[in-house]
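K.L.:
What follows is a single structure, and I will ask about it in a moment.
The values are calculated or read from the model by the stated rules, or taken from the named source; none is laboratory data. The model shown is predicted, which means the values in this text are computed figures rather than measured ones. Heads up, the Cβs are rebuilt from the backbone with ideal geometry, glycines too, and the neighbour counts pull from every protein chain shown. When the accessible area is computed, the model is the full protein with side chains, heavy atoms only, and any ligands, DNA or RNA have been set aside. Shrake-Rupley method; radii C 1.70, N 1.55, O 1.52, S 1.80 Å.
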Amino acid sequence: MTAAAPVLLALAGLLVLAAALLLARGRLVAVTVRGHSMSPSLMPGDRILMLRGRRRVATGRVAVVVAPHPEHGWHFPTGATPDSWYVKRIVAVAGEPVPHWAGRCPGTHVPPGMLVLLGEKPGSMDSKQWGYCPEDKLIGTVLLRLRAAAASGAPSSLPS
């Protein structure tokens, strides 16, 4: 055993302990993707690990957000409650230029507290149809894919 081995073991132990604490606090959530809007990066049945909260919001990250209301988008009417989540890529955050394709997002730069989201598959329901997504609709950001979907098709529970 080398002199560095005990240090590496100690670091690995600390990482496992930190992950266990986050899981215990409900901050880490494993979810199953449903839908094709994030393919080819994420496929139906893929399991992903999400960190709840807004700490890792950045352009390029994959986010889990409250699904928009069918008539009102991300601005829910009084008394309405969201019933599902969407998985989308963050393509612009507050202060960044609004992408040219985001015609429903007024202005030249993303306003404070807003996100521009995009699915990877053409035809995805995202900021092209719904405009800006308020940051308070963000559930969390994806840390990693835990496992790929089975070839035969896995049960699904999270729309993309």
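K.L.:
For the chain, what does the accessible surface come to per residue with a 1.4 Å probe? Please give it in Å².
P.N.:
Per residue, the chain has 55 Å² of solvent-accessible surface.
K.L.:
Could you work out the relative contact order of the chain, using alpha carbon pairs under 8 angstrom and six or more residues apart, expressed as a whole percent?
P.N.:
Result for the chain is 31 percent.
K.L.:
Using alpha carbon centroids, what distance separates the range 82-132 and the range 53-68, in Å?
P.N.:
Centre-to-centre (Cα) distance: 11 Å.
K.L.:
Let me ask another. Do me a favour and compute the ellipsoid semi-axes for the range 28-71 from its Cα gyration tensor, root of five times each eigenvalue, largest one first, whole Å.
P.N.:
17, 15, 12
K.L.:
Using a 1.4 Å probe over the heavy atoms of the protein chains, calculate the carbon and sulfur portion of the accessible area of the chain as a whole percent.
P.N.:
62 percent
K.L.:
Taking the Cα centre as origin and putting +1 on Lys and Arg beta-carbons and -1 on Asp and Glu beta-carbons, what dipole magnitude results for the chain, to the nearest 20 debye?
P.N.:
I would put it at about 340 debye.
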